[in-house]
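The values are calculated or read from the model by the stated rules, or taken from the named source; none is laboratory data. Note that the structure is predicted; figures quoted are calculated from it, not measured. Virtual Cβ from ideal backbone geometry, glycine too; neighbours counted across all protein chains shown. Surface accessibility is based on the protein's heavy atoms, side chains included, excluding ligands, DNA and RNA. Shrake-Rupley method; radii C 1.70, N 1.55, O 1.52, S 1.80 Å.
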Amino acid sequence: MQDVLQRIIDESRPLVKDGQVASYIPELLKADKNNLGIYVVTKDGEFGAGDYNQVFTMQSVSKVITLLCCMIDNDNDAISKKVSFEPTNDGFNSIVTLETKNKNRPLNPLINSGAILCSSLVKGQSKSEKFERILEFAKIITGNAELKVNADVYLSEKDTGSRNRALAYFMHSTGIMEGDVEDNLDVYFRTCSIEVTCKELANIAFCLANDGTINGVELFPRSLAKSVKAIMSMCGMYNESGEMAVNVGLPSKSGVGGGILTVVPNKMGIGVFGPSLNENGSSIGGIEVLKKLSHELDLSIY
Ligand code: DON
């Protein structure tokens, strides 16, 4: 496995020159476009290759964590009144369907509008209680009790978050999102700014691969793990989820920090990192690594 991962990283690295590091959150511009790494967790061992020790912020990969907390804290009916589980062919921060479709509900929890809405539904009386709930859950599922927010990225995103504010205020105006708008945004911005390495992403994916258990102990119910994997398959890569299903065939979630979390049900958790992004805001090298790995080990679930 180690040799396979190293070879795939080496073969995929030339692709990073074709993408760009995220610039709309200025602090993310500091990332090194040439980085590319992977970490794989299986029941028989763990393997890392390339820049797998590099620290980066979760960004939209964190939407999986927020969704899990939201689903643990609320019953299905309460959630489905507020957000649906439909794929999108629009970009991750699109506002258009909030007005035109779907009874003002965000199309799914893995686009920005849906994740901001889910942040508002996490249990807690205040923004700090909601964020602490998410962070504590993140520490357990990643196996890293030291997880913390990158303050510079958080402030950079908060400073430049007009698009997310537009989404949130629009959802507030239609009544679909309750609570204080700026507080809900603050929970979202902080969650996106949690620092991880590929290993933490792989651990999250491995918990989902094992239907919500860690070392045989249940963290959340199997039915919930199944729902989240289904949503990731259809929506986790935004408007390229279809291509991802065809070329990789595994539930995944990307973020503009360069991370991708990928689940191989019953087998593996995978975390990849490569901050050079394609036009959809996903890691260009990371997707290539996942394509090659899925093909070589015949991992597609389809
Ligand atoms: O809200 C934003 O724009 C970022 N914090 C997260 C967006 C993101 O990661 C999109 N994913 N590829």
What number in nm² do you get for the stretch 23-99 if you take the convex hull of its Cα atoms and divide its surface by four?
8.5 nm²
To test your reading of the geometry: what angle, between 0 and 90 degrees and rounded to tens, separates the Cα axis of helix 127-142 from the longest principal axis of the chain?
20 degrees
Could you tell me the largest-minus-smallest coordinate of the C-alpha atoms of the stretch 1-146 on each of the three principal axes, in descending order and whole angstroms?
48, 34, 29
Would you mind computing Rg(Cα) / (2.2 N^0.38 Å) for the stretch 1-63, counting N as its residues?
1.28
Under 8 Å for C-alpha pairs, at least 6 residues apart: give me the relative contact order for the stretch 137-283, rounded to a whole percent.
22 percent
Between 0 and 90 degrees, rounded to the nearest ten: what's the tilt of helix 62-73 against the longest Cα principal axis of the chain?
50 degrees
Determine the relative contact order of the chain: mean sequence separation of Cα pairs under 8 Å and six or more apart, normalised by residue count, in whole percent.
28 percent
Using alpha-carbon coordinates alone, the radius of gyration and Dmax of the stretch 191-302 in Å work out to 13.1, 40
Where does the Debye-calculated log10 I(q)/I(0) of the stretch 112-204 sit at q = 0.15, 0.19 Å⁻¹, using only Cα point scatterers of equal weight, no solvent?
-0.58, -0.88
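With respect to the cross-link table entries Lys148/Lys292; Lys17/Lys291; Lys63/Lys101; Lys81/Lys291; Lys101/Lys127; Lys30/Lys267, which display a Cα-Cα separation exceeding 24 Å?
Numbers: Lys148/Lys292 32 Å; Lys17/Lys291 18 Å; Lys63/Lys101 22 Å; Lys81/Lys291 36 Å; Lys101/Lys127 29 Å; Lys30/Lys267 35 Å.
With Cα atoms farther than 24 Å apart: Lys148/Lys292; Lys81/Lys291; Lys101/Lys127; Lys30/Lys267.
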What do you get when you divide the Cα radius of gyration of the chain by 2.2 N^0.38 Å, with N the number of residues?
0.91
Keeping the other protein chains in place, figure out the carbon and sulfur percent of the accessible area of the chain, with a 1.4 Å probe.
48 percent
Report, in deg cm²/dmol and to the nearest 500, the calculated mean residue ellipticity at 222 nm for the chain, where each DSSP H run with n ≥ 4 adds -39500 (n - 2.57) and the sum is divided by the residue count.
-14000 deg cm²/dmol
Net charge of Cβ neighbours under 12 Å - reference Tyr24; Lys, Arg +1; Asp, Glu -1
-2
What would the Debye equation give as log₁₀ I(q)/I(0) for the stretch 208-260 at q = 0.22, 0.32 Å⁻¹, counting only Cα atoms as equal point scatterers?
-0.81, -1.11
Quick check: with the 1.4 Å probe, what order do Lys123, Lys267, Lys130, Lys63 take by accessible area, largest first?
Lys123, Lys267, Lys130, Lys63
When you take every Cα atom in the stretch 140-249, what is the radius of gyration, and what is Dmax, the widest Cα pair distance, in Å?
16.7, 44
Taking Cα atoms only, helix 181-192 is inclined relative to the longest principal axis of the chain by an angle, in degrees rounded to 10, of 10 degrees
Ordered by packing density, taken as the mean number of other Cβ atoms within 10 Å over each peptide's residues, highest first, how do 255-265, 162-172 rank?
255-265, 162-172
